[in-house]
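The values are calculated or read from the model by the stated rules, or taken from the named source; none is laboratory data. Bear in mind that the values here come from a model prediction, so they are computed numbers and not experimental data. Reconstructed Cβ throughout: ideal geometry from the backbone, glycine too, with neighbour counts over all protein chains shown.
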Amino acid sequence: MWRIARTLIVLCVAAQLFHGAARADQIPSGWKASNMKPIGYSNINGHAGFKMAIKRVGDKWYLYMAHMWENGWTILDVTDPTNPKVVKHWDMGDGSGSGQIDLDGNLAVTALAEMLWGWDKTKPHQTGAAFWDISDPVNPKLVSKWTPPGSSTHRNGYPGGKYVNLAARVPGYKGLILIFMDVSDPKNPKEVSRWWMKGQKDGEETSAPLLEEVAPPGGHGATPGFHGPAFIEGNRAYLGWTPAMVILDISDIAHPKQVSRLDFSPPFNGIVVHDAMKIPGKPYVFVHSEALGGDTEPGSPFRRVDDLDSCKFSVPLVGMVDVSDETHPRFMSMFPLPQPPKDEPYTDFCDKGGRFGPHNTNILQHLADVEKQANLIYLTYFNAGLRVFDIEDPRNPQETGWFVPPQPTKRIGPVPAKLTSSTEDVLVDTRGNIYITDKQWGLFILRYTGKGEPAPTAK
């Protein structure tokens, strides 16, 4: 009897393990990497992922994800990173799109806007920002909206506490400006202040070149503006602001004051400073641009003449800024340009097709469950996948790892015009799991094994 019972127990356990393995989406073959390996994958039920945030609740880990050309947001259970599972999708009940999400504690903020790609203009949509109660982590509840007429937002930030920072497009200004909102009562968010670069307000003259003066007209990022989110450290806000990095004094948040501005255009182009991330405890800021071109669907109002080759339009900015004297920041180093594997049929990523250049880094440092910034920089590069750089010597950053998703064989979205992988966002949790989203694949979960591999601080 005992042998029979033991056999039944073994069979039951095996069946459970087999059933669990069957639930996981198989990791697509054909990926290439150095000091990196995929451990999990989700096709997100056939959808493309975009911006991400993460929250641990008890022994559960939830990944919150925005999308590229679908409305709404998705929650995945990533407690077992080898078997990510979609548990919830929610939206505004109309055609509103949002590629953006941030959260802290039980409050999440999402942008509301028309979709950049695949937008069905026959469907109504909302613009502005929405605030959600996520005290029940898998059932977000709408608390309030900020939807003034003619306004929209892009990548907004919520580092916790009283204030949300919005990258807002509002009447009377060119491009996106910074707006601070008081969300201490999330049912009644209130504008506290706004800041813009001289020349953005209608009727203002500018004393320095704005992007519209140095780049082809039209399209995403072709006007000066705040990309978002603001990186907050103490009473300072570090901003990626085309065409510059800006440091603001926010000790009086109702009256932000410029401490300094470091221009990068010319020679750099595109969305010149996408992110400006202060390195904690050190007098350095990591800055990078967003490459444009090579990514737009035919007939799009965002399409440019040179869109088939992002390398002709965008000179990638990826480097370190010395802010030892914050009133006179100094550009101190450039990161090495990613190179393709030796066995590829192209000699550089410019010839691969699609968009090439930097896009997103692991910037949501305020999240308790995100790996804190030390000597490793994680940066997505569109068709060049994810790149990892060691900045132990900030004057001589070195690439120490990379991962490039396989060539897709089935299209799940309208861009890139040439079907190829396009890695978008990256987030690293305190267990050492690296999450990346891709326009044509969904979600990959990776582990880094190279120099400076951080020790996990959570299980």
- If we keep only residues of region 285-328 that are assigned to a strand (DSSP E or B) and charged (D, E, K, R), then the residue modelled with the lowest pLDDT is E290
- Task: Scan region 438-445 and give yes if some residue there is surrounded by 18 or more Cβ atoms within 10 Å (Cβ to Cβ), of a type in the set (G, A, S) and more than 28 Å from H366 (Cα to Cα), otherwise no.
- Result: no
- Residue by residue through region 341-372, note down the ones that are in contact with a helix residue (DSSP H, G or I) (Cβ under 9 Å, 6 or more places away or on another chain), part of a loop (DSSP other than H, G, I, E, B) and touching a residue at least 60 places away in the same chain (Cβ under 8 Å). G354, R355, G357
- Query: When only residues in region 197-243 that are at pLDDT 95 or above and aliphatic (A, V, I, L, M) count, which is surrounded by the most Cβ atoms within 10 Å (Cβ to Cβ)?
  - Reply: A230
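Can you name every residue in region 173-200 that is of a type in the set (D, E) and over 24 Å from the mean Cα position of the chain (by Cα)?
Answer for region 173-200, where residues must be of a type in the set (D, E) and over 24 Å from the mean Cα position of the chain (by Cα): D185, E191.
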- Task: Among the residues of region 251-266, count how many are touching a residue at least 12 places away in the same chain (Cβ under 8 Å) and more than 24 Å from the chain's Cα centre (by Cα).
- Result: 9
- Residues (in contact with a Gly (Cβ under 6 Å, 6 or more places away or on another chain) and modelled with pLDDT of 95 or more) located in region 1-49: S34, N35, M36, S42, N43, I44
- Message: Give me the residue from region 339-388 that is polar (S, T, N, Q) and farther than 18 Å from T400 by Cβ and, out of that set, surrounded by the fewest Cβ atoms within 10 Å (Cβ to Cβ).
- Response: T347
- Message: Between a residue in region 154-168 that is farther than 12 Å from L367 by Cα and any residue that is among the polar types (S, T, N, Q) and buried (at least 24 other Cβ atoms within 10 Å of the Cβ), which pairs come within a Cβ distance under 6 Å, given they are 6 or more apart or on different chains?
- Response: R155/Q100; L166/T153; L166/N156; A167/T153; A168/T153
